[in-house]
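Visitor: I'd like to ask some things about the structure below.
The values are calculated or read from the model by the stated rules, or taken from the named source; none is laboratory data. Please read all numbers here as calculations on a predicted model, not as lab measurements. Cβ placement follows ideal geometry from the backbone for every residue including glycine, while neighbour counts extend to all protein chains displayed. Surface accessibility is based on the protein's heavy atoms, side chains included, excluding ligands, DNA and RNA. Shrake-Rupley method; radii C 1.70, N 1.55, O 1.52, S 1.80 Å.
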Amino acid sequence: MAEGPENPNSAGANKPGLSLHVPEPKFRPGDTVDFGHVDVDAPGRLPRPDESCDPRDLTDHAYGLVRVLGDDDRAHGAWDPKLDADTLRAMLGHMAMTRAFDERMFRGQRQGKTSFYMKCTGEEATSIASAMALAADDMVFPSYRQQGILIARGYPMIEMINQIYSNKGDKLKGRQLPIMYSSREKSFFTISGNLATQTPQAVGWAMASAIKGDSRIAATWVGEGSTAEGDFHAACTFATVYNAPVILNIVNNQWAISSFSGFAGAERTTFAARALGYGLAGLRVDGNDALACYAAERWAANRARANAGPTLIEFFTYRAEGHSTSDDPAGYRSAQERSEWPLGDPVTRLKNHLIAIGEWDEDRQAEMDKNAAEKVRATTKEAEANGILGHGLHHPFHTMFEDVFEELPWHLQEQADQAIKEREIKFPGGLKL
Ligand SMILES: Cc1ncc(C[n+]2csc(CCOP(=O)(O)OP(=O)(O)O)c2C)c(N)n1
Ligand SMILES: [Mg+2]
């Protein structure tokens with residue numbers, strides 16, 4: 001068709017100019033924060049459908065919020081997992097330990113003992129309570145903020161610290177960025193820094209488990225920002241097409257470093273509602289309510305184990321601290337957000353619940369916190385004997401060329417020799433390599 005005013009489809013004459021919407025967070029540094037726009041469901045409002053239900057029966061669950069713990073610190077409604085007091089105390093213990101661990105490792109980075117650390121403050125329930133709802137040998141494909149899973153699964157803390165320090169005790173030989181753990185024994189898949197790659201891997205693993213007639217399911221955790229990656233959508237497609245026994249957990253802590261969740265689509269709909277379009281079961285859950293996190297994950301695990309289908313869970317939470325030790329959130333968001341966040345703190349809420357049901361008190365909490373800090377302190381000391389950043393007690397330099405080929409090919413041998421020579425020039429008589 002010809003260009004020009006005679007063509008009704010051409011640009012120009014009498015047509016409104018198109019405009020693009022660029023999301024902008026509600027609050028910037030210095031702003032007063034009001035979370036009045038955040039819909040917070042009453043605890044116990046949503047029913048708990050049968051695990052084998054049609055995903056279409058979960059529309060309310062994808063837009064609402066599954067909550068159990070009320071402002072009265074009591075458990076409410078059909079999603080109450082009715083855990084015994086010992087299990088609740090164990091859950092609180094893992095959460096307290098994770099918080100103590102994060103505090104110490106963060107300080108260790110500031111002291112120059114490691115180059116990098118990431119805390120999960122405020123998000124502990126999304127990994128710990130959910131991991132406790134799985135079987136110990138279900139395969140997990142976490143992101144970098146689920147250290148709570150390793151703590152809940154009893155992974156030795158010394159191994160975590162050795163990895164963070166990249167020292168001679170580090171089983172991964174310093175080849176992974178600090179905190180990118182891996183444990184075959186704990187069915188904990190190697191963490192990758194390439195966002196969202198773990199999601200199709202989890203689905204693929206779950207498909208293989210089903211093909212083999214195994215009974216183990218897979219679960220993955222991914223940040224809300226990372227759901228904008230194509231990998232996440234490929235994962236959803238494969239999961240729904242093959243009815244893979246998998247749980248896709250989205251941790252919506254509302255920030256992706258300095259980008260707010262709007263850039264991943266949060267202004268338009270909920271992350272749980274993504275499930276509807278794929279025909280996946282979708283649940284949106286109060287991520288700071290440990291009982292709700294446990295109940296939702298158990299529901300999804302039961303569904304997967306019964307071959308009733310995959311589930312996508314959105315844990316609605318808030319990243320209480322910086323993205324990592326390389327980040328300063330004061331530069332891009334209001335400091336008031338943390339205190340104004342309406343869903344509170346997951347550790348405090350679980351503690352208050354245990355107190356409300358007469359199974360805990362402040363003295364025991366203080367003792368628990370003290371013991372956690374002491375265990376972390378002692379283990380840190382033990383790990384430091386294996387070396388910290390820059391003290392030369394790491395794996396020998398040439399090991400970076402090993403473990404790929406059975407025999408080192410000549411060109412890599414050449415590169416290794418050259419690298420070692422350069423290092424000797426740079427640090428004459430210094431580091432033993
Ligand atoms: C493919 C890819 N793109 C970008 C990055 C850089 N990056 C690392 S973490 C991060 C933010 C991720 O945010 P989110 O998914 O919300 O997870 P959170 O950190 O909040 O747990 C970005 C952009 C990366 N590691 N990989
Ligand atoms: Mg995030």
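Visitor: Can you tell me the Rg and the Dmax, both Å, for the Cα atoms in region 107-193?
Guide: When restricted to the Cα atoms of region 107-193, Rg and Dmax are 12.6, 38 Å.
Visitor: In vacuum, with every alpha carbon of region 298-433 counted as one equal point scatterer, what does the Debye formula give for log10 I(q)/I(0) at q = 0.11 Å⁻¹? Two decimals, please.
Guide: Evaluating at q = 0.11 Å⁻¹ gives log10 I(q)/I(0) of -0.91.
Visitor: If you take the beta carbon distance between D73 and V33 as r and set R0 to 25 Å, what does 1/(1 + (r/R0)^6) give as a FRET efficiency, to the nearest 0.05?
Guide: Using R0 = 25 Å, I get an efficiency of 0.55.
Visitor: Here is a follow-up. Which of the listed residues, F427, T380, M400, is farthest toward the dipole's positive end in region 336-433, when Lys, Arg count +1 and Asp, Glu count -1 at the beta-carbon?
Guide: Looking along the dipole axis, the top candidate is F427.
Visitor: Here's a follow-up. How much area per residue is accessible in region 180-309 when the probe is 1.4 Å and only protein heavy atoms are counted (Å²)?
Guide: So region 180-309 comes to 35 Å² accessible per residue, rounded to a whole number.
Visitor: OK, next. Of all trypsin sites (Lys or Arg not before Pro) in region 46-99, which ones are in loop regions per DSSP and have a Cβ with at most 12 other Cβ atoms within 10 Å?
Guide: Sites meeting the loop and neighbour criteria: K82.
Visitor: Moving to a separate point now. What are the semi-axes of the equivalent ellipsoid of the chain, taken as the square roots of 5 times the eigenvalues of the Cα gyration tensor, listed largest first and rounded to whole Å?
Guide: 37, 31, 24
Visitor: By per-residue mean of other Cβ atoms within 10 Å, what is the highest-first order of 277-288, 353-364?
Guide: 277-288, 353-364
Visitor: Using a Gaussian network model on the chain with a 10 Å cutoff between Cα atoms, which of L195, L92, L248 fluctuates the most?
Guide: Answer for the Gaussian network model of the chain: L195.
Visitor: Can you tell me the length gained on complete extension of the stretch K82 to T348, counting 0.36 nm per residue apart and subtracting the Cα distance?
Guide: Computed gain between K82 and T348 is 93.9 nm.
Visitor: How much length is gained if the chain between R423 and E321 is pulled fully straight, taking 0.36 nm per residue apart and subtracting their Cα-Cα distance, in nm to one decimal?
Guide: Working it through step by step, the gained length comes to 32.9 nm.
Visitor: While we're here: Between E103 and K173, how high is the FRET efficiency from 1/(1 + (r/R0)^6) when r is the Cβ-Cβ distance and R₀ = 35 Å? Nearest 0.05.
Guide: 0.80
Visitor: What is the Cα radius of gyration of region 263-310 over 2.2 N^0.38 Å, N being its residue count?
Guide: 1.28
Visitor: Follow-up question, since we're still on this one. Roll a 1.4 angstrom probe over the protein heavy atoms and tell me the percent of accessible area of region 231-286 that is carbon or sulfur.
Guide: Heavy-atom surface of region 231-286 belonging to carbon and sulfur, 1.4 Å probe: 55 percent.
Visitor: Run the quick spin-label model on A208 and S258: label points 7 Å from Cα toward the beta carbon, then report their separation in nm to one decimal.
Guide: 4.0
Visitor: Consider just the alpha-carbon atoms of region 332-411 and return their Rg together with their Dmax, both in angstrom.
Guide: When restricted to Cα atoms, region 332-411 yields Rg and Dmax of 23.3, 68 Å.
Visitor: I'd like to check one number: the per residue accessible area of region 381-433, probe 1.4 Å, reported in Å² as a whole number.
Guide: Per residue, region 381-433 has 78 Å² of solvent-accessible surface.
Visitor: Which FRET efficiency, nearest 0.05, do N371 and A136 yield, Cβ-Cβ r, R0 30 Å?
Guide: 0.80
Visitor: Taking every pair of alpha-carbon atoms in region 47-152, give the share separated by more than 16 Å as a whole percent.
Guide: Distances greater than 16 Å cover 69 percent of the Cα pairs.
Visitor: Taking loop as defined by DSSP and a crowding limit of 14 other beta carbons within 10 Å, which GluC sites (Glu not before Pro) in region 207-290 fit?
Guide: Hits after loop and neighbour filter: E267.
Visitor: Taking the chain as a Gaussian network, Cα atoms linked when under 10 Å apart, which of A62, A330, A275 shows the biggest mean-square fluctuation?
Guide: A330
Visitor: Show me 407-420, 138-151 ranked by packing, highest mean number of other Cβ atoms within 10 Å first.
Guide: The packing order, highest mean first, is 138-151, 407-420.
Visitor: In whole angstrom, how long is each semi-axis of the equivalent ellipsoid of region 206-287, when you take the square root of 5 times every eigenvalue of its Cα gyration tensor and sort them from largest down?
Guide: 25, 12, 11
Visitor: Could I ask something else about it? Return the single residue from M97, M368, M105 with maximal mean-square fluctuation; model: Gaussian network over the chain, springs between Cα atoms under 10 Å.
Guide: M368
Visitor: Another question, then. Find how much the distance from V404 to E340 grows on full extension, using 0.36 nm per residue of separation minus their present alpha carbon separation; answer in nm with one decimal.
Guide: Computed gain between V404 and E340 is 18.0 nm.
Visitor: Which one of P29, P47, G17 is farthest out on the positive end of the charge dipole of region 9-95, using unit charges on Cβ (Lys, Arg +1; Asp, Glu -1) and the Cα centre as origin?
Guide: Among P29, P47, G17, the one farthest towards the positive end of the dipole of region 9-95 is G17.
Visitor: While we're here: Let me cross-check M157: its accessible surface, 1.4 Å probe, with only protein heavy atoms counted, in Å² to the nearest 10?
Guide: Here the accessible area works out near 10 Å².
Visitor: If you average over every viewing direction, what projected area does the convex hull of the Cα atoms of region 332-378 give, in nm²?
Guide: Here the figure is 5.0 nm², rounded to one decimal.
Visitor: While we're looking at this one, here's another question. What does region 233-326 give for Rg and for Dmax, in Å, if only its C-alpha atoms count?
Guide: For region 233-326, the Cα-based Rg and Dmax read 14.0, 43 Å.
Visitor: Give me the percent of accessible area attributable to carbon and sulfur for region 301-433, probe 1.4 angstrom.
Guide: On region 301-433, the fraction of accessible area on carbon and sulfur atoms equals 52 percent.
Visitor: If you don't mind, another one. Roughly how many percent of the accessible protein surface of region 99-207 is carbon and sulfur, given a 1.4 Å probe and a whole-percent answer?
Guide: Carbon-and-sulfur percentage of accessible area, whole number: 51.
Visitor: Summing -39500 (n - 2.57) over the DSSP H runs of n ≥ 4 in the chain and dividing by its residue number, what mean residue ellipticity at 222 nm do you reach, to the nearest 500 deg cm²/dmol?
Guide: Mean residue ellipticity, 222 nm, calculated: -11500 deg cm²/dmol.
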